[in-house]
1. Looking at this structure, is L27 of a type outside the set (G, A, S), outside any loop (DSSP other than H, G, I, E, B) and within 20 Å of the chain's Cα centre (by Cα)?
2. Look at P215 and say whether it is in contact with a strand residue (DSSP E or B) (Cβ under 9 Å, 6 or more places away or on another chain), surrounded by 22 or more Cβ atoms within 10 Å (Cβ to Cβ) and not β-branched (V, I, T).
3. Name the single residue, out of those in the range 171-202 being outside any helix (DSSP H, G or I) and in contact (Cβ under 8 Å) with a residue 40 or more places away in the chain, that is surrounded by the fewest Cβ atoms within 10 Å (Cβ to Cβ).
4. Restricting attention to the range 129-139, report how many residues are more than 14 Å from A59 (Cα to Cα) and either more than 24 Å from the chain's Cα centre (by Cα) or not aromatic (F, W, Y) (or both).
5. With the condition being surrounded by 13 or more Cβ atoms within 10 Å (Cβ to Cβ), at pLDDT 85 or above and not β-branched (V, I, T), I'd like the helices (runs of 4 or more DSSP H) fully within the range 41-160 carrying at least 3 qualifying residues.
6. Is one or more of the residues making up the range 2-23 touching a strand residue (DSSP E or B) at 6+ places or on another chain (Cβ under 8 Å) and either modelled with pLDDT of 80 or more or exposed (fewer than 14 other Cβ atoms within 10 Å of the Cβ) (or both)?
7. Could you please let me know if Y38 is surrounded by 16 or more Cβ atoms within 10 Å (Cβ to Cβ), of a type outside the set (A, V, I, L, M, F, W, C) and outside any loop (DSSP other than H, G, I, E, B)?
8. Please find, among F225, F219, F214, the residue that is aromatic (F, W, Y) and in contact with an Asp or Glu (Cβ under 7 Å, 6 or more places away or on another chain).
Amino acid sequence: MRKYGRVTIVGIQNTMVYRVNFLFRGLLGLVPLLATIYLWEAVYAGRAGDPTLAGYTLADMISYYLVVMVVDSLTAVTDDDWQIAADIRDGRIGHLLLKPIDYLGYRLCLFTAGRLVYCSVAALPIAAFLLWQRDQLVWPADPVVWMAFGASLLLTGLLQFLISYATALLAFWLLEISTFVFILFAFENLAGGHLFPLDILPPAVASALHWTPFPYQLFFPVSVFLGRVSGPELWEGLAIQAAWVVLMWMIARAVWRRGIRHYVAVGG
């Protein structure tokens with residue numbers, strides 16, 4: 001495991017070059033969030049007779065988007081899929097195939113390094129924004145919720161990475177994977193809870209999405225933090241999320257093995 005620890009350290013050192021980019025990305029990411037908060041304030045202002053929407057008060061709705069910002073900062077995949085595709089397309093994985101290192105583990109270490117650097121740089125503007133909105137943020141009171149949220153957050157990061165990793169491996173067969181990446185991004189935004197809480201959808205739609213991996217990339221951990229998932233429903237959700245992580249790991253392994261048999265590297 002020492003080599004993977006070294007990969008993580010080197011990844012942190014390399015990613016620190018982009019710390020200013022991460023800072024501005026974190027700052028600019030607050031602009032659409034602020035616009036979303038103002039939009040929902042206007043929506044609730046027009047509902048004077050009913051202060052709730054699908055069980056969400058205004059404070060609950062604002063808390064939802066604040067936690068989305070935090071979860072997304074900790075777990076989102078940024079450029080990893082493009083880098084993996086470039087490694088395959090440009091033949092850079094050739095030298096790794098000759099070394100006693102697993103490419104999935106190697107990329108996971110680099111993903112972890114990128115998240116650590118991004119969160120450390122973006123922590124200041126995000127913390128300032130949370131402090132500004134502290135009256136609206138609903139914090140969990142039960143320690144069990146905090147533990148369940150931590151477990152779900154870890155599974156979310158793994159699921160995000162594995163789905164992007166498996167998609168990027170299509171570069172073994174395709175020259176350009178951008179179409180698949182953008183389609184996946186659209187599904188994650190619509191069905192993952194980035195744009196709105198999924199439980200405001202019609203029950204049939206929300207129930208169908210419950211069995212897909214997309215809610216577990218964002219919506220589920222946010223719901224755990226807000227206390228909207230509890231009891232047997234909480235443990236069922238964690239089990240489904242863990243099952244999707246295992247399934248995506250198996251898919252990623254299978255695609256890698258098949259891709260390597262197809263891969264040809266020329267030159268040295």
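1. On the way: of a type outside the set (G, A, S): yes; outside any loop (DSSP other than H, G, I, E, B): yes; within 20 Å of the chain's Cα centre (by Cα): yes.
Yes: the conditions hold for L27.
2. Details: in contact with a strand residue (DSSP E or B) (Cβ under 9 Å, 6 or more places away or on another chain): no; surrounded by 22 or more Cβ atoms within 10 Å (Cβ to Cβ): yes; not β-branched (V, I, T): yes.
The answer is no for P215.
3. Within the range 171-202, the first condition is being outside any helix (DSSP H, G or I), and the residues that meet it are 173-177, 192-197, 201-202.
Filter once more, so that each one left must be in contact (Cβ under 8 Å) with a residue 40 or more places away in the chain: 173, 175, 177, 193-194, 197.
Values: W173: 13, L175: 7, I177: 22, G193: 25, H194: 17, P197: 22.
Taking the candidates together, the pick is L175.
4. Of the range 129-139, the ones more than 14 Å from A59 (Cα to Cα) are 129, 131.
Then drop every residue that is not either more than 24 Å from the chain's Cα centre (by Cα) or not aromatic (F, W, Y) (or both), which leaves 131.
Number satisfying all stated conditions: 1.
5. On the way: elements: 58-75, 80-89, 94-97, 103-132.
Hits in the range 41-160: 58-75, 80-89, 103-132.
6. Pass one, the range 2-23, residues touching a strand residue (DSSP E or B) at 6+ places or on another chain (Cβ under 8 Å): none.
No, the conditions are met nowhere in the range 2-23.
7. On the way: surrounded by 16 or more Cβ atoms within 10 Å (Cβ to Cβ): no; of a type outside the set (A, V, I, L, M, F, W, C): yes; outside any loop (DSSP other than H, G, I, E, B): yes.
Here the answer is no, as Y38 does not meet what is asked.
8. Numbers: F225 fails: in contact with an Asp or Glu (Cβ under 7 Å, 6 or more places away or on another chain); F219 fails: in contact with an Asp or Glu (Cβ under 7 Å, 6 or more places away or on another chain).
Just a single option satisfies the conditions, and that option is F214.
The values are calculated or read from the model by the stated rules, or taken from the named source; none is laboratory data. Since we're looking at a predicted model, the values are computed, not measured. Using ideal geometry, Cβ is built from the backbone for each residue, glycine included, and neighbour counts are taken over all protein chains shown.
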